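Colleague: Just passing along the structure, written as structure tokens.
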Amino acid sequence: MRYAILRDGESRSFPTGDPFLEAAVEPRVAEVVIHLGSPLVPDAGKAAVLVELATECLGQHTGEHAGEEGSNVLGFARYCNGADPPSSLIELVRQPRTAESAIAAARSVFEGAGLTVVVCADQAGRILDRLLRPKYNAALRFLDEGLASAADIDLTCRLGLGYPDGPIERIVRGGLAEHYAVSKALFDAYGTAAYAPARRAAVAARREGW
């Protein structure tokens with residue numbers, strides 16, 4: 001399925017040089033339009049219109065209507081760990097009445113590019129950040145409490161849980177300040193203590209002027 005990209009600035013999901021950008025066509029001949037940082041322009045004549053998300057809800061772009069919202073517009077985010085290259089996972093965000101044909105069109109575009117798609121409801125942080133950020137905060141708090149060194153926490157998770165890397169090294173590699181920003185956004189949205197940014201992340205963010 002052909003897709004067009006309307007882009008304003010650098011994309012977290014598809015940074016400059018990503019092959020996905022090069023395969024785009026002109027909007028007038030595309031079945032799917034993808035907004036990367038550009039304002040949403042609804043187009044009922046397209047099979048799907050996609051909006052790149054950070055931690056926010058798709059409803060911030062489309063508006064909401066008492067739980068009846070939905071059209072051919074979907075949100076998406078390609079997961080990446082901060083400064084690491086993007087992964088192959090796309091979180092595709094639907095609303096209660098999103099057209100199934102639009103979901104199928106979006107899947108076709110992303111899976112055709114070799115990416116893996118999961119579909120989720122329109123909630124801040126979607127699946128991965130809501131699962132991972134509390135674990136990262138807990139690991140940072142364990143380090144503060146002196147439970148173990150960073151190296152030992154990471155080694156335990158790699159050997160005991162089979163993780164490819166440990167939580168501390170992953171957070172540091174991706175950026176402590178970036179973790180602070182995502183975790184703070186989720187804490188503001190949900191008010192759950194586990195999302196409250198750990199001290200070390202807050203310190204890193206202040207040092208970088210966030």
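The values are calculated or read from the model by the stated rules, or taken from the named source; none is laboratory data. Everything numeric here is computed off the predicted structure, so don't read it as measured data. Every residue, glycine as well, gets a Cβ built from its backbone with ideal geometry; the counts of neighbours run over all protein chains shown.
Colleague: Please determine whether any residue of the stretch 143-156 is in contact (Cβ under 8 Å) with a residue 60 or more places away in the chain, over 21 Å from residue 87 (Cβ atoms) and more than 22 Å from the chain's Cα centre (by Cα).
Modeller: no
Colleague: Return the residues of the stretch 39-79 that are touching a helix residue (DSSP H, G or I) at 6+ places or on another chain (Cβ under 7 Å) and of a type in the set (D, E, K, R); say none if nothing qualifies.
Modeller: If the condition is that a residue be touching a helix residue (DSSP H, G or I) at 6+ places or on another chain (Cβ under 7 Å) and of a type in the set (D, E, K, R), then 69 is the only one that fits.
Colleague: State yes or no: is residue 48 among the hydrophobic types (A, V, I, L, M, F, W, C), buried (at least 21 other Cβ atoms within 10 Å of the Cβ) and farther than 30 Å from residue 171 by Cβ?
Modeller: Considered against the rule, which asks whether it is among the hydrophobic types (A, V, I, L, M, F, W, C), buried (at least 21 other Cβ atoms within 10 Å of the Cβ) and farther than 30 Å from residue 171 by Cβ, residue 48 comes out as yes.
Colleague: Quick one: in the stretch 73-92, of everything that is hydrophobic (A, V, I, L, M, F, W, C) and closer than 20 Å to residue 61 by Cβ, which residue is surrounded by the fewest Cβ atoms within 10 Å (Cβ to Cβ)?
Modeller: Applying the filter and picking the extreme gives 92.
Colleague: Criterion first (outside the structural domain of residue 57 (by TED's automatic domain parsing), without any contact (Cβ under 8 Å) to a residue 40 or more places away in the chain, of a type in the set (A, V, I, L, M, F, W, C) and touching a Phe, Trp or Tyr at 6+ places or on another chain (Cβ under 7 Å)) does residue 193 satisfy it? I'd like the intermediate steps shown before the answer.
Modeller: Numbers: outside the structural domain of residue 57 (by TED's automatic domain parsing): yes; without any contact (Cβ under 8 Å) to a residue 40 or more places away in the chain: yes; of a type in the set (A, V, I, L, M, F, W, C): yes; touching a Phe, Trp or Tyr at 6+ places or on another chain (Cβ under 7 Å): no.
Against the criterion (outside the structural domain of residue 57 (by TED's automatic domain parsing), without any contact (Cβ under 8 Å) to a residue 40 or more places away in the chain, of a type in the set (A, V, I, L, M, F, W, C) and touching a Phe, Trp or Tyr at 6+ places or on another chain (Cβ under 7 Å)), residue 193 does not qualify.
Colleague: In addition: Kindly indicate whether residue 95 is within 27 Å of residue 42 (Cα to Cα), touching a residue at least 40 places away in the same chain (Cβ under 8 Å) and of a type in the set (S, T, N, Q).
Modeller: no
Colleague: Now a separate question. With the structure loaded, tell me whether residue 138 is in the same structural domain as residue 64 (by TED's automatic domain parsing), under 30 Å from residue 58 (Cβ atoms), modelled with pLDDT of 95 or more and out of contact with any Asp or Glu (no Cβ under 7 Å at 6 or more places or on another chain) or whether it fails that test.
Modeller: Judged against the criteria, residue 138 is not a match.
Colleague: Cβ-Cβ under 8 Å, sequence separation 6+ or interchain: first residue in the stretch 173-186 and of a type in the set (Val, Ile, Thr), partner not in a helix (DSSP H, G or I). Which pairs?
Modeller: Once the first residue is of a type in the set (Val, Ile, Thr) and sits in the stretch 173-186, its partners that are not in a helix (DSSP H, G or I) give 182/55; 182/125.
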